[in-house]
1. Nearest 0.05, what FRET efficiency do Ala35 and Ser56 give at R0 = 25 Å with Cβ-Cβ as r?
2. Give the relative contact order (percent, whole number) for the chain; include only Cα pairs under 8 Å separated by 6+ residues.
3. Leaving out ligands, DNA and RNA, what percent of the accessible area of region 24-110 is carbon and sulfur, probe 1.4 Å?
4. For the Cα atoms of the chain, what angle does the longest principal axis make with the long axis of helix 46-67, in degrees from 0 to 90, nearest 10?
5. Averaging over every viewing direction, what projected area does the convex hull of the Cα atoms of the chain cover, in nm²?
6. Could you report the accessible area of Thr49 in Å², rounded to 10, computed with a 1.4 Å probe on the protein chains as they sit in the structure?
7. Before rounding to the nearest 500, sum -39500 (n - 2.57) across all DSSP H runs of length at least 4 in the chain and divide by the residue total; then give [θ] at 222 nm in deg cm²/dmol.
8. Taking the full set of protein chains and a 1.4 angstrom probe, give the accessible area of Tyr12 in square angstrom, rounded to the nearest 10.
Amino acid sequence: MGQVKYATGGTYLTGTHREAPTQNPNCTRLFIRDAEVYKRTTPVTSEETRIRNRFSAVAAAVAARAKDLMKISADQAAFAAQKDAPNGKKTMKAFLWKLEKEAYDQEHNG
């Protein structure tokens, strides 16, 4: 299903097109919403700030670790060893996210 948003003079036009096989010829929908509908009405909470900071830190750590030549071989071996386990991560990126989230939580939560 595709979705496109266009901002036009204070309103948003959102269109969707269903690509699944169907007998219904009405597979495209268009919604018109006021621009104000997407504005946040509540302040960012301290919990949201904590979660955003955690995400940013882990994302940066994953990007750095993926390029770290000193860790690539060990990470690839550890990934291969766990990927067929019942709760193993199936992609290298997911595996690195798991490692860096655990490291971040250990460092910040004791």
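1. About 0.35, to the nearest 0.05.
2. Numbers: 87 pairs, mean separation 17.8, N = 110.
Relative contact order here is 16 percent.
3. Values: 3880 of 6900 Å².
With neighbouring chains kept in place, the figure for region 24-110 is 56 percent.
4. Between helix and principal axis, roughly 60 degrees.
5. For the Cα atoms of the chain, the hull's average projected area reads 12.6 nm².
6. Approximately 60 Å² for this residue.
7. Working: 3 runs with 51 residues, N = 110.
After summing the helix terms and dividing by residue count, I get -15500 deg cm²/dmol.
8. 60
The values are calculated or read from the model by the stated rules, or taken from the named source; none is laboratory data. Just so you know, these numbers come straight off a predicted model, no measurement behind them. With ideal geometry, Cβ positions are generated from the backbone for all residues, glycine too; neighbour counts draw on all protein chains shown. These accessible areas exclude ligands, DNA and RNA; they are computed on the full protein's heavy atoms, side chains included. Shrake-Rupley method; radii C 1.70, N 1.55, O 1.52, S 1.80 Å.
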